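The values are calculated or read from the model by the stated rules, or taken from the named source; none is laboratory data. Just so we're clear, the structure is a prediction, and the values are computed from it rather than from any experiment. Reconstructed Cβ throughout: ideal geometry from the backbone, glycine too, with neighbour counts over all protein chains shown. For accessibility, only protein heavy atoms count, side chains too; no ligands or nucleic acids. Shrake-Rupley method; radii C 1.70, N 1.55, O 1.52, S 1.80 Å.
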Amino acid sequence: MTAPPTTTSPPQADPGAPAGAPDEGPARRSVRDRLAAELATTPGRLALATAVAVVACLLLAITGFLAGNSQAAALRDAQRDAAQLVGTQELRNDLVSADATATNSFLVGGLEPAEAREAYEASVSEAAQSLPALAATAQGAAETDDLATVSDSVQRYAGLVESARANNRQGFPVGAAYLDQASAALRDEVLPTLDDVAVSTSQRVDSDLTSVSLSQALLLFVLLGLVALAAVQLWLARRTHRRLNMGLAAATVALLVGGIVATAAVLGGNGVARSVASGPYAATVATSQALSLATDAKSMESFTLIKRGSGAEFEDSYQTSVTQARDLLNEADDAAGTRNDPLSLLDAWDEKHAEIRALDDDGQWDDAVAAATSTADDSAGAAFTAFSDAAHADVRTTSTQAVDRLASAATTAQIAAWVALVLGVAGAVAAAAGMNVRLKEYR
């Protein structure tokens, strides 16, 4: 009897598998199965714990280094840009001072006093010398171009002043026109351009200080590394019933020290940046701006007399500048936390100016000119010089404080970055060695 033919039915699809789902290849299932089987054993879990401990240490090493290094770079940038801003404002002050001296000398008539001429030349020379240094440290093509424009305009200004001097020495009225042109060139071309440079530099300082604070975010990863290492130790102690693993203990000490050093440096650097921004840096900027405004007011005082009865607009400008300067000096005092000399000296000079205006308004123009150009100890000129010297001294003091404190914080952050990196790597080596001791017990 012949057996009936057999037929082979096709393999039935897994009812639990989604329709149309591709079958995982045997190689992929094999790797996954082997990994699951490995992690089901104690040696496999020890190997995973070792990897977690090493990664936690390296996480602290890398993030601690990045946090300290990035903050150090931001602090150095803030230091550089703050110095650039102060330099720009000092350049502005030199030019305004030169204009005030030239304008005041013009009142004398004929050959101006030697002291006034020397003061004018010194201010122009300082401005000319500072321009190349500022251009060398300028950031961006626009700022460099602006400073090049200032350099050309300063040369034009100096030429117009020389023409005014030459005509004034010979008694030609056209000298006043040249002086007007020179002053207009300074105020319409040079000073606005320098103000634009100062604004862009100030914005960079603000950005630098913001970057300093952003470095704190990386400290979260430092904390994460410490937590992960603590979790590994807790698991190992429960698994092996041994409280102390020398390798992990050494790694923990390394991470704690590295984390504390990095955290203290980064938080400290942020605190320094904030205190500098609201303290010596703010005082420096406010005092420098006040000095520029007051020096400009000095020019307006002279122009009021030069115009002989038609200088009301210059007197208005004087009053506006002095009021703004006084407000800025109050801000500087608040930032510095002390009452400084420039404010009281500004008031003393303003009182002398009021005496000059009283003489001129009473029709005693010659006496007013004599009072404005006098160099006696109790003169308006001496009062303004005392104010200017005190303001310059304050700017030098507070700017040095700001730069030094930022530089010190940058150095501390840089050192902390390397400490965190070295200790993190050392901790990773110690953790791997400590865990390897436990792994050997299963081999």
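Any idea which residue in segment 335-351 is nearest to Ala290 (Cα to Cα), counting only those that are among the charged types (D, E, K, R) and loosely packed, with under 14 Cβ neighbours inside 10 Å?
To start, the set of residues in segment 335-351 that are among the charged types (D, E, K, R) comprises 339, 341, 347, 350-351.
Imposing the further condition that a residue be loosely packed, with under 14 Cβ neighbours inside 10 Å reduces the set to 339, 351.
Values: Arg339: 15, Glu351: 17 Å.
So the residue we want is Arg339.
Is it the case that Trp418 is under 30 Å from Ala231 (Cβ atoms) and open to solvent by 20 Å² or more (accessible area, probe 1.4 Å)? Steps first, answer last, please.
Working: under 30 Å from Ala231 (Cβ atoms): yes; open to solvent by 20 Å² or more (accessible area, probe 1.4 Å): yes.
Spelling it out, Trp418 is indeed under 30 Å from Ala231 (Cβ atoms) and open to solvent by 20 Å² or more (accessible area, probe 1.4 Å).
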**Request:** State all residues of segment 352-387 that are among the polar types (S, T, N, Q) and open to solvent by 50 Å² or more (accessible area, probe 1.4 Å); if no residue qualifies, say none.
**Result:** Gln364, Thr375, Thr385
**Request:** Might you check whether a residue that is of a type in the set (Lys, Arg), closer than 30 Å to Ala383 by Cα, at pLDDT below 90 and out of contact with any Gly (no Cβ under 8 Å at 6 or more places or on another chain) occurs anywhere in segment 292-305?
**Result:** yes
**Prompt:** Going by the structure shown, is Ala184 open to solvent by less than 50 Å² (accessible area, probe 1.4 Å), at pLDDT below 85, closer than 30 Å to Ser153 by Cα and in a helix (DSSP H, G or I)?
**Reply:** yes
**Item:** Gly311, sole failed condition from (1) closer than 30 Å to Ala217 by Cβ; (2) free of Cβ contacts under 8 Å to residues at least 40 places away in the same chain
**Value:** (1)
**Complete:** Going through segment 97-134 in order, the residues found to be under 17 Å from Leu147 (Cβ atoms) and touching a residue at least 24 places away in the same chain (Cβ under 8 Å) are Val124, Glu126, Ala127, Ala128, Ser130, Leu131, Ala133, Leu134
**Asked** Which pairs have Cβ atoms under 7 Å, sit 6 or more apart or on different chains, and link a residue in segment 407-431 that is without any contact (Cβ under 8 Å) to a residue 60 or more places away in the chain to one that is crowded, with 22+ Cβ neighbours inside 10 Å and assigned to a helix (DSSP H, G or I)?
**Response** none
**Qualifying residues in segment 121-136 (those that are surrounded by 14 or more Cβ atoms within 10 Å (Cβ to Cβ) and polar (S, T, N, Q)) - the one farthest from the chain's Cα centre (by Cα)** = Ser123
